Amino acid sequence: MGTSSGFLLVGGYTPPTGAGQGILLAQQRDGGLAERGLSVATESPSFLAISADGNRVYAVNETDPGRVSAFGRTGSRAAPGLRPLGGQPTGGAHPCHLALHPSGRLLAVANYSSGSVAIHPLDDGGAVRPHAQLLRLRGSGPNIERQDGPHAHQVSFAAGGAELIVADLGSDRLWRYHQQAGGYVLVDEVSLPAGSGPRQLLLDPAAGRGYVLGELDNSISTLEWRLPARLLSSVAGHAEPLTPGTLSAALIFGPQPGLLYASHRGADRITVLRQDGDGVTPVADFDSHGQSPRHLSLSGDRLYIANQLSDTLAGVPVARDTGLPAGPVSSLRVPSPSCVLAW
């Protein structure tokens, strides 16, 4: 959630994968970015989720075996902090993404390496309980190195929490589950272009569209979002040719309806795209101001970019009408950032 405080929470990797220590607190002020120090120590919090009221923060611990951790907000509005509320095993390996149910009573966690999704109840205080359901994915893809089996890369809730969607990089599928009395039940398997490696889904319910970022082929596939979903198109998710070996990473909505941002690691660029009927059209690319832009977050008129391999967080002012850069870029040294969220 964004606030007038300009605070940002930054997750990343700790040793041996990265050089971080836990969740960092940063702040946008006076036109620049300032570090406010380590908010809480925790192992490889590579992705974060914040409750609707901002009082609870959840982090995957991307380890094997995997864990998920909860934290409560402490301190004052001017100097917030986090305190641990405990955690739980996720029933799999290397959890890389998580999502809060709109009710605030469930947490879904994507176990990347083991290809499964854990559904954790949350208690009245927001602490994580042992998983009540473990959804096991199946399948593989043509990329032998990256698609040897299922790899859950993103989880998201839709339809007020009645639906859970899993982006599976390993099998080139989206898995759709509907909530029933006994838990989530599979209702749709959405096949995507072979070898695309679906990493993230972005839903636009008003338009009846879903947009899927392919990590491996740098594509964006557009779906007619119904039951079952229908593939409408798949196009390059960039405006200019990319460096060979580039892996796409993040897909978010832009500053006005109809605009999207996609990030590309290797080429180290951000692409502005425009929704266009049954697909998207790349408009322009711009520099990520670092290496390996793993995550994006838009807060007000600033696009924040977590550049993992250059240990930098960039804040790029953007124009509301075009989504393109529109002013001086602020930068902050942050060890191994992989997620940035306005708090």
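In the full protein context, the chain carries 38 Å² of accessible surface per residue, based on a 1.4 Å probe and ignoring ligands, DNA and RNA.
Taking Rg/Rh (Cα atoms, Kirkwood Rh) as calculated from this structure, the corresponding entry among [x] 0.96; [y] 0.94; [z] 1.00 is [y]. Summary of the geometry: the stretch 182-221 and the stretch 50-123, compared by the centres of their Cα atoms, lie 23 Å apart. Neighbours of Ala70, meaning other residues whose beta-carbon lies under 15 angstrom from its beta-carbon, give a summed charge of +2 when Lys and Arg score +1 and Asp and Glu score -1.
Amide H to amide H distances under 5 Å link Val334 with Thr312, Leu313, where only residues 5 or more positions off or on other chains count and H is placed in the peptide plane. Only Lys, Arg, Asp and Glu carry charge here, each on its Cβ (+1 for the first two, -1 for the last two); on that basis the stretch 1-126 has a dipole of about 260 debye about its Cα centre.
From largest accessible area down, sort Arg230, Arg199; use a 1.4 Å probe on the protein chains.
On the way: Arg230 110, Arg199 10 Å².
Order by accessible area, largest first: Arg230, Arg199.
Taking amide hydrogens as placed 1.01 Å from N in the peptide plane, the amide H of Gly20 sits under 5 Å from those of Tyr13, Thr14, each at least 5 positions away in sequence or on another chain.
In a simple Cβ point-charge model (Lys, Arg +1; Asp, Glu -1; nothing else charged), the chain has a dipole of about 720 debye relative to its Cα centre.
Taking the protein heavy atoms of the stretch 64-165 in the context of the full set of protein chains, the accessible area attributed to carbon and sulfur is 52 percent at 1.4 Å.
Report the charge-dipole magnitude of the stretch 1-69 in Debye, nearest 20, computed about the Cα centre from +1 at each Lys and Arg Cβ and -1 at each Asp and Glu Cβ. Present the calculation step by step, with values, prior to reporting the outcome.
Numbers: 4 positive and 6 negative charges, 28 e Å.
Dipole of the stretch 1-69, to the nearest 20 debye: 140 debye.
For Glu43, the solvent-accessible surface with a 1.4 Å probe is about 100 Å², rounded to the nearest 10. In the assembled protein chains, Arg77 presents an accessible area of approximately 150 Å² (probe radius 1.4 Å). Size descriptors for the stretch 240-343: radius of gyration and Dmax over Cα atoms are 12.8, 40 Å. Among Gln21, Gln256, Gln275, the residue with the largest mean-square fluctuation in a Gaussian network model of the chain, with springs joining Cα atoms closer than 10 Å, is Gln256.
The values are calculated or read from the model by the stated rules, or taken from the named source; none is laboratory data. Values in this document were obtained by computation on a predicted structure and should not be read as measured data. Note that each Cβ is placed from the backbone with ideal geometry, even for glycine, and that neighbours are counted across all protein chains shown. Just so you know, the surface numbers come from the protein's heavy atoms only, side chains and all, with ligands and any DNA or RNA stripped out. Shrake-Rupley method; radii C 1.70, N 1.55, O 1.52, S 1.80 Å.
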